[in-house]
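To start, the structure under review is shown below, and the notes come after it.
FYI, it's all coordinate maths here, none of it is from the lab. This one's a predicted model, so the numbers in the text were calculated from it and none came from an experiment. All Cβ positions, even for glycine, are placed from backbone atoms using ideal geometry, and neighbour counts span all protein chains on display.
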Amino acid sequence: MDGHTPEGATAREQGSQGRALSPDSMYQMVLVRVELFGMARLASGCALLELDLPCDAALTEVTQALVGACPALRGLAIRTDGTGLLESYTLNLNGRVFVSEAGVHLQPGDTLLLFSSQAGG
């Protein structure tokens, strides 16, 4: 064991500080903002969305909520089955950390940024 994961706890069961979460905290919902940039914003006509998400949301939970709130994102930034982002898109939490497939720990007032991971020049 590497000391990062308490015995018997998965990465999804840990908080942002690496401590084990209670089962109740894994299902607690938080209101977060999602800002759309680039083609996602232009094609959907949405610049900002607010979503209720689990405080420890898997990427699939985030993308499914995004498609539910803004169906135009399906096939544009989000896979057609809603289970993740297209390779050319990424999510960032509060402009500090990129969201991985494993998901993200969210707190009230957090902002997710959805934008293309490709830059032109």
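See the values below:
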{"quantity": "Largest to smallest principal axis extent of the C-alpha atoms in region 27-116, angstrom", "calculated": "31, 23, 22"}
{"quantity": "Extended-chain gain in nm, criterion 0.36 nm per residue less alpha-carbon gap, Glu101 and Ser117", "calculated": "4.3 nm"}
{"quantity": "Vicinal HN-Hα couplings computed from phi for region 28-45 (Karplus, 6.51 cos²θ - 1.76 cosθ + 1.60; Hz; Gly/Pro x)", "calculated": "5, 9, 10, 8, 10, 9, 10, 9, 9, 10, x, 5, 4, 6, 5, 6, 8, x"}
{"quantity": "Estimated vicinal HN-Hα couplings, Hz - region 53-68 in sequence order (Karplus 6.51, -1.76, 1.60; Gly, Pro = x)", "calculated": "10, x, 5, 10, 8, 6, 4, 5, 5, 5, 5, 5, 5, 4, 5, x"}
{"quantity": "Phe37-Thr80 pseudo-label distance in nm [points 7 Å out on the Cα-to-Cβ vector]", "calculated": "2.8 nm"}
{"quantity": "Charge dipole (debye, nearest 20) of region 27-116; +1 at Cβ of Lys and Arg, -1 at Cβ of Asp and Glu", "calculated": "240 debye"}
{"quantity": "Charge context of Gly84, other residues only, Cβ under 11 angstrom, K/R +1, D/E -1", "calculated": "-3"}
{"quantity": "For region 77-88, Karplus couplings with θ = phi - 60° (6.51, -1.76, 1.60), whole Hz, Gly/Pro x", "calculated": "10, 10, 3, 4, 8, x, 8, x, 8, 5, 4, 7"}
{"quantity": "Amide H within-cut-off set for Leu91, under 5 Å, with H built and near neighbours excluded", "calculated": "Val99"}
